[in-house]
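Please treat every number below as a calculation from the coordinates, not as lab data. Not measured: the values here are computed from a predicted model. Cβ coordinates were reconstructed from backbone atoms using ideal geometry, including for glycine residues, and neighbour counts include every protein chain displayed.
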Protein chains: 2
Amino acid sequence: MKAAPLDFPQWMRARAAHVELVLDDLLPAPDQAPGRLHEAMRYSVLGGGKRVRAALVYAAGQACAGSGNGVAVEAALDRAAAAVELIHAYSLVHDDLPCMDDDTLRRGRPTTHVRFDEATAMLVGDALQPLAFELLADMPIAPALVVQAVQVLARASGSAGMTGGQAIDLDSVGRGLTRDELQTMHLLKTGALLGASVALGGIVAGASSQHRRALDDYAQAIGLAFQVVDDILDVTADTASLGKTAGKDAAADKPTYVSLLGLDEARALAAELRAAARQALAPLGDSGACLAELADFIVLRDR
Amino acid sequence: MKAAPLDFPQWMRARAAHVELVLDDLLPAPDQAPGRLHEAMRYSVLGGGKRVRAALVYAAGQACAGSGNGVAVEAALDRAAAAVELIHAYSLVHDDLPCMDDDTLRRGRPTTHVRFDEATAMLVGDALQPLAFELLADMPIAPALVVQAVQVLARASGSAGMTGGQAIDLDSVGRGLTRDELQTMHLLKTGALLGASVALGGIVAGASSQHRRALDDYAQAIGLAFQVVDDILDVTADTASLGKTAGKDAAADKPTYVSLLGLDEARALAAELRAAARQALAPLGDSGACLAELADFIVLRDR
């Protein structure tokens with residue numbers, strides 16, 4: 001049976017499979033020197049993940065470009081989607097290192113430093129990051145939009161974004177955080193890159209400033225929701241279904257939404273953020289349907 | 001006594017002092033969260049170094065823009081110069097980590113992971129890299145030139161550039177390299193970022209394609225020369241004057257130009273590359289004087 005255009009689970013699967021091919025194509029080949037580094041880069045990026053960030057790029061691009069998406073916009077969305085997945089992958093590789101979270105398992109496979117070695121894992125992250133910016137710079141759209149895209153991804157990745165969130169997380173272990181501090185940390189650590197994904201889709205599609213504001217509000221809500229749900233799953237799911245070590249944050253005495261609010265109130269907050277995300281999409285009308293489904297996907301997922 | 005415009009040592013000192021102020025201004029403030037990360041970023045970047053890469057940006061910009069440098073070009077050169085220094089600083093911080101070279105001393109001070117901790121040192125590198133791209137994206141010049149600048153810096157930093165050179169270096173310890181392999185490694189490891197510095201100056205100044213080719217040839221020669229001289233100094237200088245551990249490469253059984261060619265032939269190669277660099281500048285005429293002095297500076301330095 002042929003699926004209808006709004007069959008969301010199928011859309012997600014198709015987008016994930018598509019960005020996998022794009023990444024496979026854009027990552028340097030393992031038979032090209034330095035081969036071991038390239039092999040480790042591919043190991044770290046390919047073969048899995050829900051590709052939520054790539055899906056956000058595509059959904060936001062689709063929401064703002066309408067049905068008239070040109071070939072150039074499609075090609076640019078592919079590069080932007082690959083870029084955010086590269087940044088996400090690099091952050092996981094560095095996060096898993098012994099000096100950070102010291103994790104040995106990721107998506108059910110040995111982490112990069114276990115499979116290769118620590119030095120290679122560090123270089124993998126160091127090489128994936130500029131590749132992300134190179135992909136943005138190669139997007140076949142107006143240079144002024146490319147420059148905006150680079151600005152957005154750079155800010156989201158740096159000390160005012162994801163890396164800053166990591167640093168706050170490091171400093172928070174073993175001491176209490178207020179709800180405001182916890183929220184700031186997560187808005188940076190997880191929210192910044194999710195937000196950049198949404199914004200990049202809008203930029204590539206040439207979104208109006210009204211639509212960009214709608215995307216920003218949406219991104220803010222799903223960014224927090226993502227982390228609240230992560231904290232809930234850390235408590236309620238088991239290691240096998242998560243594909244990473246469950247209960248780890250609680251064991252490390254890291255502050256979480258569940259430790260701060262309790263399970264019930266954390267669930268209520270997730271539901272509230274889901275509603276806020278859908279609400280924010282109103283100015284986009286029907287073309288925001290995919291983004292709305294993505295908000296549900298983020299809140300209702302079980303791993 | 002007022003110095004003449006071509007007093008090169010004074011020009012170098014003035015440029016180094018200037019880019020130090022630019023970096024101080026553009027790095028995030030330590031009283032802004034995450035404070036410890038920002039403090040560590042500033043510790044890693046500020047307070048020293050010869051700033052050869054920044055000088056190359058300025059000298060190439062000056063060579064191609066002539067005396068009519070506008071305010072916008074000056075501001076863009078500042079950002080480009082800061083960007084290459086940030087990439088260089090991040091590479092040193094990650095290089096010094098225990099899983100890489102495990103160095104405790106850099107420019108006569110404790111390395112970042114010794115002064116702070118390993119996790120913070122890793123995040124410092126991870127945050128400096130996107131800041132470099134953010135600075136390029138904020139350059140007040142034509143977006144099409146900004147896009148070219150991002151492409152150049154991204155390629156020079158990634159697995160086809162500096163990080164790729166590091167990976168080859170890692171793999172080379174304890175085994176032999178041919179002269180060709182050694183040259184490839186150094187062209188990536190050191191030459192790529194030096195070359196990007198020269199290219200960025202040309203791009204920002206709107207250099208003609210003839211001048212860009214001249215800059216490329218020049219960059220190729222000084223990139224190799226820089227590493228040949230580094231290898232010579234590793235053998236002939238002492239730790240105090242180097243500000244880092246002398247004899248380290250030889251002790252680690254790393255292939256070097258000296259181990260491969262002997263000291264005399266390595267010195268002859270450096271002299272040859274210096275001549276080639278000056279030769280490449282011919283199309284630039286008198287405005288290439290500063291770049292010519294920089295080639296001398298790189299080859300004739302004693303630390």
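Odds and ends about this structure:
- Helix runs (DSSP H) in chain B reaching 24 Å along axis by Cα, Kyte-Doolittle at least -1.0: B:8-26, B:71-95, B:118-137, B:209-236, B:263-280
- Distant-in-sequence amide H partners of B:R106 (H built 1.01 Å from N, under 5 Å): B:T111
- Chain A holds its axis-closest Cβ, relative to the rotation onto B, at the residue and whole-Å distance A:P143, 2.
- Magnitude of the charge dipole, the stretch B:8-300, Cβ model with Lys/Arg +1 and Asp/Glu -1, debye to 20: 480 debye
- Think of it as helices only: each DSSP H run of n ≥ 4 in the protein assembly as shown is worth -39500 (n - 2.57), and spread over all residues that comes to -22000 deg cm²/dmol at 222 nm.
- Selection from A:I168, A:G48, A:A80, by position along the positive dipole direction of the stretch A:8-300 (Cβ): A:A80
- Gyration tensor over the Cα atoms of the protein assembly as shown: the corresponding equivalent ellipsoid has semi-axes (square roots of 5 times the eigenvalues, largest first) of 43, 27, 22 Å.
- Proportion of all alpha-carbon pairs of the stretch B:8-300 beyond 28 Å (%): 35 percent
- Test item: Cα-centred dipole of the stretch B:72-213, Lys/Arg +1 and Asp/Glu -1 on Cβ, debye: 500 debye
- Projecting the Cα atoms of B:Q220, B:A121, B:A154 onto the dipole axis of the stretch B:96-232, where Lys and Arg carry +1 and Asp and Glu carry -1 at the beta carbon, places B:Q220 farthest toward the positive end.
- Spin-label model, B:E265/A:V173: points 7 Å from Cα along the beta carbon direction are separated by 5.1 nm.
- Normalised contact order of chain B, rounded percent, pairs of Cα under 8 Å and 6 or more residues apart: 20 percent
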